[in-house]
Amino acid sequence: QVQLVESGGGLVQAGGSLRLSCAASGRTFSNYAMGWFRQAPGKEREFVAAISWSGLNTYYTGSVKGRFTISRDNAKNTVYLQMNSLKPEDTAVYYCAAQLSRGVVLTTRAYDYWGQGTRVTISS
């Protein structure tokens with residue numbers, strides 16, 4: 001089992017920045033691919049970004065490319081999502097997820113472990 005706890009959400013104005021963190025425990029963190037997803041009110045959960053176990057490979061959905069950066073610190077068992085130039089449409093609950101994999105995992109159903117989410121609200 002892997003336990004994931006997100007933090008760092010909040011309310012910011014459009015154009016601002018936030019850094020989300022996801023702390024993992026329970027298994028060897030470096031064996032897991034990690035991802036960030038988000039779910040806006042009334043919408044399905046969608047992929048945001050993913051990172052491989054080593055941190056060398058990353059992937060982003062088009063709407064956040066160039067604004068968000070996913071990274072990980074395997075020594076701290078933590079994955080981060082740096083979010084810059086935030087827009088009102090980025091408002092959502094953000095979830096991190098973990099999957100035992102050496103690659104980059106992109107789909108919701110491929111992840112076995114999920115955090116409880118952290119709320120991000122961007123005001124216009």
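Below, the figures for the structure above:
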read-out: Some residue of segment 27-40 being more than 10 Å from residue 81 (Cα to Cα), modelled with pLDDT under 95 and in a loop (DSSP other than H, G, I, E, B); value: yes
read-out: Matching residues in segment 8-18 - criterion: being surrounded by fewer than 14 Cβ atoms within 10 Å (Cβ to Cβ) and assigned to a strand (DSSP E or B); value: 10, 11, 13
read-out: Verdict on residue 53 being in a strand (DSSP E or B) and surrounded by 21 or more Cβ atoms within 10 Å (Cβ to Cβ); value: no
read-out: Test: residue in segment 39-59 that is touching a Cys at 6+ places or on another chain (Cβ under 9 Å) and under 19 Å from residue 113 (Cα atoms); value: no
read-out: Boolean, residue 98 is at pLDDT 95 or above, more than 16 Å from residue 39 (Cα to Cα) and under 15 Å from the mean Cα position of the chain (by Cα); value: yes
read-out: Residue selected from segment 67-84 under the condition of a type in the set (Lys, Arg) and outside any strand (DSSP E or B), by the criterion most open to solvent (accessible area, probe 1.4 Å); value: 76
read-out: Residue, least open to solvent (accessible area, probe 1.4 Å), within segment 85-116, restricted to residues that are part of a loop (DSSP other than H, G, I, E, B) and touching an Asp or Glu at 6+ places or on another chain (Cβ under 8 Å); value: 115
read-out: Residue in segment 113-121 that is closer than 23 Å to residue 3 by Cβ and over 13 Å from the mean Cα position of the chain (by Cα) present; value: no
read-out: Per-region count, segment 41-50, residues closer than 22 Å to residue 3 by Cβ and outside any strand (DSSP E or B); value: 1
read-out: Counted residues, segment 23-46 - those being open to solvent by less than 40 Å² (accessible area, probe 1.4 Å) and touching a strand residue (DSSP E or B) at 6+ places or on another chain (Cβ under 6 Å); value: 9
read-out: Condition met for residue 64 (assigned to a strand (DSSP E or B), at pLDDT 95 or above and surrounded by 15 or more Cβ atoms within 10 Å (Cβ to Cβ)); value: no
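The values are calculated or read from the model by the stated rules, or taken from the named source; none is laboratory data. Predicted model, so just to flag it, every value in this text is computed and none were measured. Note that each Cβ is placed from the backbone with ideal geometry, even for glycine, and that neighbours are counted across all protein chains shown. Heavy atoms of the whole protein, side chains included, go into the accessibility calculation; ligands, DNA and RNA do not. Shrake-Rupley method; radii C 1.70, N 1.55, O 1.52, S 1.80 Å.
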